[in-house]
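The values are calculated or read from the model by the stated rules, or taken from the named source; none is laboratory data. Just so it is clear, the structure is predicted and the values come from calculations on it, not from any experiment. All Cβ positions, even for glycine, are placed from backbone atoms using ideal geometry, and neighbour counts span all protein chains on display.
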Amino acid sequence: MGDVVTVDQPIVELETDKATIEVPSDVAGTVKEVKAKAGDKPKPGQVVLVLDGAGQAGGAGQAGKAAAEVPAQAAPPAQPAR
C-alpha cells in the first residue's frame, strides 16, 4: 500500500496454461488497498486493487480524492494449436 501507480503501468499479471499477460492500469493513483494476493484466482469483475486519487488531474495521492477500484479481467480465449 502507498505505491504510486501511473497510467499504463502493469499492475496485474494474468496466467493461463499457455501465457502470462500483464494488465496495465488505465488510471493513475496511490494504492489504497490490495484485495487479492499472488496465487488468488479472482473472478472477472472482482475488485483486486483500490487506488486513491485515481482519475484526478494534478498528480496522484492528494488528500480528498476519489478512490477507483481495479477489477480483475477475464483471460483472453485460448488459441487453437496450428
Taking Leu49 as the residue in question, decide whether it is in contact (Cβ under 8 Å) with a residue 60 or more places away in the chain and within 12 Å of the chain's Cα centre (by Cα).
-> no
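Can you pull out every residue in the range 4-21 that is closer than 12 Å to Leu51 by Cβ and either modelled with pLDDT under 90 or outside any loop (DSSP other than H, G, I, E, B) (or both)? Before the answer, list the steps.
Keep residues of the range 4-21 that are closer than 12 Å to Leu51 by Cβ, which gives 4-7, 9, 11.
Scanning the range 4-21 gives Val4, Val5, Ile11.
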Output the qualifying pairs, or none if there are none: Cβ atoms under 9 angstrom, residues six or more apart or on different chains, first residue in the range 1-18 and within 15 Å of Ala36 (Cβ to Cβ) and charged (D, E, K, R), second residue modelled with pLDDT of 90 or more and loosely packed, with under 13 Cβ neighbours inside 10 Å.
-> Glu13/Thr20; Glu13/Glu22
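State which residue is nearest to the chain's Cα centre (by Cα) when the search covers only the range 22-34 and only residues that are outside any strand (DSSP E or B) and surrounded by 15 or more Cβ atoms within 10 Å (Cβ to Cβ). Steps first, answer last, please.
Here is the first cut: in the range 22-34, the residues outside any strand (DSSP E or B) are 25-28.
Filter again for surrounded by 15 or more Cβ atoms within 10 Å (Cβ to Cβ), leaving 25, 27-28.
On the way: Ser25: 5, Val27: 9, Ala28: 11 Å.
Only one residue tops the list, namely Ser25.
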